[in-house]
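Enquirer: Structure in structure tokens, see below.
Read the figures in this text as sums done on the coordinates, not as results from a lab. All values derive from a computational prediction rather than experimental measurement. Ideal geometry is used to build each Cβ from the backbone, glycine not excepted, and the neighbour counts take in all protein chains shown.
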Amino acid sequence: MAYRLAIDPLPTNPLLPSAALGSRALVPIAPSSLGLPSPLSQVDHSPYLSTPAPQFSESIISIADLFSYLKKHWLKGLYAGVPAAALIFYALGMGAKVYEAEAKLRLRLQDSSVASFGDSRPGFSELSAPQLINNHLTEMMSHRFADFFYEHFDPVKRAKFAADVSSRLGRKDQLLKAIGLYKPGKPVPEREIFVEALAGAARVEPQKESHILRLLVRDLDPKMAADIANGMSEQYMRF
């Protein structure tokens, strides 16, 4: 038995040609042609947001370019470097001379007293040598010994030392004084000036592979530096 498939003809539109009617029956109709709103292009419909890969920029220094730059601008660098070098040399080497005096104290570690510098006494200390040396280092730079040294130092010398320190101006004060804007501050007691200046001028350190303490004192006056070093060593034995 034979069957025949019958296809109904498409409805004709007088505004469209016959060729368009034939193609319309074979091509699927797009949603836009039906008047439906199209999805927004700026909306990401993927379930995960994509993160852009980080961008790294590398700068490469060319040795040839560096030498060509130096060859081209060496004269400008010479004009800028020579005055700067002269100024630094003047600030470091042409300033006020600082003198350093040294006094040494030998410790008797076999004595029972950690502050015994005279004749040896019977008995031994339970502290080790590094601990004893560290105790003396701390004690010589303590505020208590500085007050003791101020009371027993020569009054004329300590007054001169405090006056010299108080008369020295810092870089900022020197600049202000040069332009006429410097104003002296409130007067500070002599004891406070002496103790603070002594902490900055004196330094105590152990001598390597020995039981000797080196006391170093720096000052602009060489005689004052020697007097303070000798006075500190003598008064510390008394202290």
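Enquirer: Filter the range 147-186 for residues that are touching a residue at least 24 places away in the same chain (Cβ under 8 Å) and acidic (Asp, Glu) and give the result.
Expert: Once the filter is applied, which keeps residues that are touching a residue at least 24 places away in the same chain (Cβ under 8 Å) and acidic (Asp, Glu), the range 147-186 yields Asp147, Asp154, Asp164.
Enquirer: Conditions first: (1) under 29 Å from the mean Cα position of the chain (by Cα); (2) aliphatic (A, V, I, L, M); (3) closer than 18 Å to Glu102 by Cα. Leu175 passes all but one, so which condition is the exception?
Expert: With respect to (1) under 29 Å from the mean Cα position of the chain (by Cα); (2) aliphatic (A, V, I, L, M); (3) closer than 18 Å to Glu102 by Cα, Leu175 is out only on (3).
Enquirer: In the range 138-184, which residue that is under 15 Å from Ile228 (Cα atoms) and of a type in the set (Phe, Trp, Tyr) is surrounded by the fewest Cβ atoms within 10 Å (Cβ to Cβ)?
Expert: Step by step, filter the range 138-184, then rank; the result is Phe148.
Enquirer: Continuing with the same structure: Filter the range 68-89 down to the residues that are in contact with a helix residue (DSSP H, G or I) (Cβ under 9 Å, 6 or more places away or on another chain) and aliphatic (A, V, I, L, M) and list them by number.
Expert: Once the filter is applied, which keeps residues that are in contact with a helix residue (DSSP H, G or I) (Cβ under 9 Å, 6 or more places away or on another chain) and aliphatic (A, V, I, L, M), the range 68-89 yields only Leu70.
Enquirer: Take the residues in the range 185-216 that are more than 18 Å from Arg144 (Cα to Cα) and touching an Asp or Glu at 6+ places or on another chain (Cβ under 9 Å), then tell me which one is surrounded by the fewest Cβ atoms within 10 Å (Cβ to Cβ).
Expert: By that ranking, first place goes to Val188.
Enquirer: If you don't mind, another one. Name the pairs: first residue in the range 210-223 and closer than 15 Å to Val165 by Cβ, second residue of a type outside the set (Gly, Ala, Ser) and not in a strand (DSSP E or B), Cβ to Cβ under 6 Å, at least 6 apart or on different chains?
Expert: So the pair list comes out as Val217/Ile228; Arg218/Val98.
Enquirer: Here's a follow-up. Identify all residues within the range 162-204 that are touching a helix residue (DSSP H, G or I) at 6+ places or on another chain (Cβ under 6 Å) and assigned to a helix (DSSP H, G or I); write none if there are none.
Expert: Correct list: Ala162, Val165, Ser166, Glu190, Arg191, Ile193, Phe194, Val195, Ala197, Leu198.
Enquirer: Exactly one condition in (1) part of a loop (DSSP other than H, G, I, E, B); (2) in contact with a Leu (Cβ under 8 Å, 6 or more places away or on another chain); (3) not polar (S, T, N, Q) is false for Met237; which is it?
Expert: For Met237, the exception is condition (1).
Enquirer: Assess whether Ala229 counts as being hydrophobic (A, V, I, L, M, F, W, C) and either out of contact with any strand residue (DSSP E or B) (no Cβ under 6 Å at 6 or more places or on another chain) or not in a helix (DSSP H, G or I) (or both).
Expert: When the stated conditions are applied, Ala229 does not pass them.
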